[in-house]
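Trainee: Below you'll find the structure I mean.
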Amino acid sequence: MVNLIDLAGEVQELMQQYGDIGTERERMQILNTRAKSIRDIRDKYDAAIVSSSMLHETNIPVRPFAKASRALINKCEKIKEGIEKNWDKTIRDPSIKANFIDPVDDHIDKKIGKNLKEDWRSYIDAKAPKITKASLEPLASGFGDTVEKIAGLLEEISQFREVLPGNLEQIAHVQQAAKEASEAFEKLDKIPEAVRTFLAKAAKGEALLTDLSEDVKDWLIEYKMLAHLRIQFDSSA
């Protein structure tokens, strides 16, 4: 017959072991959560280093990384000391996020990352051709394909402006897009002013027969655009 006292002792021991396992599981979950937060910060910092190195490599002016304040450094050192002395107590501290994780994350986002994005945008703004939508609209009726191409290139450049480059190919793509847009617009920009005025009116259906001067007509013939014109009566006139 099983000794009930011994059996009760075994059950108590098993329950204690189960409780210990639960405690260890909880500790590991908390540790993993803290470790992930710190690892995410480290990944963000590493990504900033990569972007900065690429910008330097392509001769894009970039400011040095903003240095951490003494207060932030002290917080980091305090957390390090706490983990070395009693990691369990340190990671369980509810203030660790507000006192350590958030300030470090903010430093990377609002100082290092912010400066990098501003430098990248400044470069793109200087590199991108100064072409406005208003300057393209009058040319859309006669040079739709070219205007559409330029607008597409400008949109690509605008999208790249919002995110730091992830590789050298993206930087090269921005440079190539800016070059192609500039070259395409330069050709359109050489169109005589009289022709521009006529095309702008024609696109709105406001061109008169008297606007079709000999110079404009000769230009339209040269560029094989005369066949695209249509004449109609305005019944309201």
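Trainee: When only C-alpha pairs under 8 Å and at least 6 residues apart count, what is the relative contact order of the range 128-190, in percent?
Mentor: So the answer I get is 44 percent.
Trainee: Is there a pair in LYS130/LYS179; LYS44/LYS80; LYS149/LYS224; LYS187/LYS224; LYS44/LYS114; LYS75/LYS117 whose C-alpha atoms are over 18 Å apart, and which pairs would that be?
Mentor: Cα-Cα > 18 Å for LYS44/LYS80; LYS149/LYS224; LYS75/LYS117; rest within.
Trainee: Moving on. Which of PRO129, PRO103, PRO192 ends up with the largest GNM mean-square fluctuation for the chain, with Cα atoms connected below 10 Å?
Mentor: It is PRO192.
Trainee: Then there's this: GLN29 to LYS224: extension gain in nm, 0.36 nm per residue of separation minus the Cα-Cα distance?
Mentor: Working it through step by step, the gained length comes to 62.9 nm.
Trainee: Here's another thing I want to ask about it. Based on DSSP H runs of at least 4 residues, each adding -39500 (n - 2.57), what is the mean residue ellipticity at 222 nm of the chain after dividing by all its residues, to the nearest 500 deg cm²/dmol?
Mentor: -23000 deg cm²/dmol
Trainee: Still on this structure, please answer the following. Give the longest segment of the chain that steers clear of trypsin sites (Lys or Arg not before Pro) in DSSP loops with at most 13 neighbouring Cβ atoms within 10 Å, not counting the sites themselves. Mind showing how you got there, number by number?
Mentor: On the way: sites that count: LYS67, LYS130, LYS190, LYS204, LYS224, ARG230.
Between the exposed loop sites, the longest stretch runs 1-66.
Trainee: Using Cα pairs under 8 angstrom and six or more residues apart, how large is the relative contact order of the chain, in percent?
Mentor: Values: 126 pairs, mean separation 43.0, N = 237.
Rounded, it is 18 percent for the chain.
Trainee: Turning to a different aspect of this structure: Where is the GNM fluctuation largest for the chain (alpha-carbon springs, 10 angstrom cutoff): GLU193, GLU156, GLU180?
Mentor: Highest fluctuation among the options: GLU193.
Values quoted throughout were computed directly from the atomic coordinates according to the rules given, and no laboratory measurement underlies them. This is a predicted model, so every value here is computed, not measured. Quick reminder, even Gly has a Cβ in these numbers, built from the backbone with ideal geometry, and neighbours come from all protein chains shown.
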